[in-house]
1. Determine the shape class of the chain: with a ≥ b ≥ c the square roots of the Cα gyration tensor eigenvalues, call it rounded for a/c under 1.5, and otherwise prolate if a/b is greater than b/c, oblate otherwise.
2. Could you tell me which GluC sites (Glu not before Pro) in the range 230-312 are loop residues by DSSP with no more than 11 other beta carbons within 10 angstrom of their beta carbon?
3. Counting other beta carbons within 10 Å of each Cβ, put L23, L78 in order, fewest first.
4. Counting other beta carbons within 10 Å of each Cβ, put F228, F204 in order, fewest first.
5. Kindly put R250, R176 in sequence by how many other C-beta atoms sit within 10 Å of each C-beta, fewest to most.
6. Please state the relative contact order of the range 134-205 as a whole percent: Cα pairs under 8 Å, 6+ residues apart?
7. Once you keep just the Cα pairs under 8 angstrom separated by 6 or more residues, what percentage relative contact order results for the chain?
Amino acid sequence: MHIKIIGSAAGGGFPQWNCNYRLSRAARDGVAGVQPRTQSSLAASADGHGWVLFNASPDIRQQIAATAQLQPQTGSPLRSTPIRAIVLTNGDVDHIAGLLSLRERQPFAIYATSQVLAALDANSIFNVLDPEIVPRRTLDIPGETDIEDAEGNATGIRVEAFAVPGKIALYLEDARRPDANFGSDEGDTIAVRLVGDTPENSAFYIPGCARIDNALRNRLAGAACLLFDGTLYTDDEMITSGVGTKTGARMGHIAMSGKTGSIAGLEGVPISRRIFVHINNTNPVLDESSAEHAAVQAAGWEIGFDGMEVEL
Ligand code: MLT
Ligand code: MN
């Protein structure tokens, strides 16, 4: 299985269009060791020809332009794509807005939980993807699904989807229910396991996760690769950097550091490669010369970047 991170930043990307924080400034200025990143998306292929995307970011046009494997191939029809299907891990803008850029009556399949499909159905702009041409299929959670293209041909990619602690998309939050996580339900945010040819050859893609509990630790044990929510380094980072008022917990994202963070939470769990993705523009690890970048690497984690490949 071939896996490629085509977008390693969180919503907004890096630099974010309106961000004047030191990291976005450094990325804009081309400072060495501060690489720009596009918004959250992953590509996977069983045969190197047909690809399944995990999330469709607002930067998808740029991501396809930067990724030869995702472009129409020499000798293929005048209108064609190697993208066979798109699996959505939640309904956040950074994970679904790119669907609108794929609106040229080109067949592919969309897979998501019933809640996320309901969000697409409720927003008629997504009908630019005619469901007759771009079928929408429900991912059962928990459950395993063979991902097929629009015509029902196998892609060779099989996923196991399951709910993780998280939050409903920002634009769907119910402000009257702060005690109920703003109306979030199981399945608003999911993890996917890309099922390998052997049990040891699986990769997990979890770009959003609010907590690590024993159930998740047990599921991840023995994985070849984990691509995990790296939104923030510290829970209050948006506040201390002066760009926002929300904690990571409020946004449904666990921090990397601290006693309740992901590094500590997954310490000792046998996982061959652990890679952070969905990295927010306030996260100090984006500067390769930072102490935080060094600390994350010393803890056995890699910092994902656009174009990073994993072979399983
Ligand atoms: C998130 O990951 O929390 C969302 O992408 C935030 C957003 O919708 O901008
Ligand atoms: Mn996001």
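Read-outs: derived from the displayed coordinates by stated rules, not from any lab. A quick note: this is a predicted structure, and the numbers were derived from the prediction, not measured. Neighbour counts run over all protein chains shown; Cβ positions are idealised from the backbone, glycine included.
1. The shape class here is rounded.
2. Listed in order of number, the matching sites are E267.
3. L78, L23
4. F204, F228
5. By the 10 Å Cβ count, ascending, the order reads R176, R250.
6. 25 percent
7. Taking the mean separation of contacting Cα pairs over the length of the chain, I get 19 percent.
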